[in-house]
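Data first, discussion second: the structure below is written as structure tokens.
The values are calculated or read from the model by the stated rules, or taken from the named source; none is laboratory data. Here the structure is a predicted model, which means the values were calculated and not measured. Here the Cβ is made from the backbone with ideal geometry for all residues, glycine too, and neighbour counts use every protein chain on show. Quick note on the areas: whole protein, heavy atoms, side chains included, nothing else; ligands and nucleic acids left out. Shrake-Rupley method; radii C 1.70, N 1.55, O 1.52, S 1.80 Å.
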Amino acid sequence: EGEHSVKVFDAKDGRPLNWGNGKPFLAPPPGGDEKTNVANAVAYHLNAVFVSWRDRNLVGIYDSQGNLKETWPVTKPGRLAAGPNCIAIVTDGRVKVVVPMGKDFEIAEHLDEPSGVASGLDGTIYTANRGKLQNISVFDAKGKFLKSIGKEGGRPRVGRYDPNGILEPGGIALDKNGNLWVAETLDGPKRHSVWDTKTGKLVAEFFGGSSYFGWAYMDPKHPDELYCHNVLWKVDLTKGTCVPHSTIWRPTAENMIDMPNPGGYAGHFRVMTAKNGKQFGWGMIDYSNMLFIRDGDVFKPF
């Protein structure tokens, strides 16, 4: 709060720390104003901190004490990743690769609205794609395309859940074991997935809240199903498992009725089975309430 820059926190307990120069935030490059001096992304490698100042068309390079050493002119820099021999920067629909001791180059193929980037210890570059691809593209250290991770086209926005598909990826990162972590930017479900970079297979997935509050509801006529945060979850009470089965509704074009508010305190989503066997849902949308009817794996508003 009060700053739009880069701050340091202790990984053990989350305490805010000062930089080595005694300042709580990294100073923006000289110039700019309150509106443009906004840090958009950060990466660290070999005692250097790299920061995207998107509205300034600059990448700032700081030492580990927090002192600005130099700037690079880059058009609209977004997320960036520091590898062993280069810095990869998402910029204006492409990925610019800066090689401090060599020749810079750009990656433009096998990209589709790139949103995130990561770099492996071997120099491999990973990019998260939105657009039509909805997956991760993998390149070698020279920018040659190697393969994709995740189903091309991603998983369906509405209906049956496919764990092998990624949807609207944002930030991505590699862990010490070489697994790729992908943070998705959509709700319903709010998902983080982990992928084996050698085989491209899904290793694990984790789900978080789509709202500050978590209403959940079960229809007594369907005890193996639970509704929470716009997702129908399949429940096995004997095994203690709960997995996403479908995204019950999501607008996919302009002027479509919105999804039930996941934190709808004035009418959270509830489901009942009528005498004729049909299921109906009831939930709040923008402070009004809407009736839905089940059609397969989807609840359609009517």
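Mind computing the radius of gyration and Dmax over the alpha-carbon atoms of the range 1-144? Å is fine for both.
Calculated on Cα positions, Rg and Dmax stand at 15.4, 46 Å.
Give the Rg (one decimal place) followed by the Dmax (whole number) of the range 103-161, computed from C-alpha coordinates and expressed in Å.
Cα only, the range 103-161: 12.5, 47 Å (Rg, Dmax).
Carbon and sulfur together cover what percent of the accessible area of the range 183-302 at a 1.4 Å probe radius?
Values: 3840 of 6670 Å².
It is 58 percent, rounded to a whole number.
Please enumerate, by chain and number, the lysines with C-alpha under 18 Å from the C-alpha of Lys7, excluding those fewer than 8 residues away in the same chain.
Result set, ordered by chain and number: Lys23, Lys69.
Can you pull the semi-axes for the range 29-113, root of five times each eigenvalue of the Cα gyration tensor, sorted largest first, whole Å?
After diagonalising the Cα gyration tensor, the semi-axes are 20, 17, 10 Å.
Tally up the carbon and sulfur contribution to the accessible surface of the range 73-148 as a whole percent, 1.4 Å probe, everything protein left in place.
Solvent-exposed carbon and sulfur of the range 73-148 make up 51 percent of the total.
Take Thr36 and Glu3, extend 7 Å from each Cα along the Cα→Cβ direction, and tell me the distance between the two endpoints in nm.
Each label point is offset 7 Å from its Cα along the Cβ direction, giving 2.2 nm.
Would you please state which residues of the range 25-44 a label at Asn18 would reach in this model, taking the label point 7 Å out along Cα→Cβ and a backbone N cut-off of under 17 Å?
Output list for this probe position: 25-27.
Quick one: check the C-alpha center-to-center distance for the range 227-255 versus the range 270-290, whole angstrom.
First find each Cα centre; the distance between them is then 15 Å.
Using the heavy atoms of the protein chains alone and a 1.4 angstrom probe, what is the accessible area of the chain per residue in square angstrom?
54
With a/c under 1.5 counting as rounded, go ahead and sort the range 195-277 into rounded, prolate or oblate using the C-alpha gyration tensor (a ≥ b ≥ c being the square roots of the eigenvalues; past the cut-off, prolate if a/b is larger than b/c, else oblate).
oblate
Out of residues 5 or more away from Val8 or on other chains, whose amide H comes under 5 Å of its own, with H placed 1.01 Å from N in the peptide plane?
Correct list: Leu17.
Would you mind telling me which residue in Lys275, Lys23, Lys144 has the biggest mean-square fluctuation in a Gaussian network model of the chain, where springs connect alpha carbons within a distance under 10 angstrom?
Lys275
In the range 137-180, if every C-alpha pair distance is counted and binned at 10 Å from zero, what percent goes to each bin?
22, 46, 27, 5
If you look at just the Cα atoms of the chain, how large are its Rg and its Dmax in Å?
22.4, 73
Hey, got a sec? Which GluC sites (Glu not before Pro) in the range 146-235 land in a DSSP loop and have at most 14 other Cβ atoms within 10 Å?
Glu152
Pairs Lys12/Lys190; Lys221/Lys278; Lys190/Lys239; Lys76/Lys176: which exceed 18 Å Cα-Cα? Each step should come with its number before you reach the end.
Values: Lys12/Lys190 25 Å; Lys221/Lys278 11 Å; Lys190/Lys239 23 Å; Lys76/Lys176 30 Å.
Table pairs above 18 Å Cα-Cα are Lys12/Lys190; Lys190/Lys239; Lys76/Lys176.
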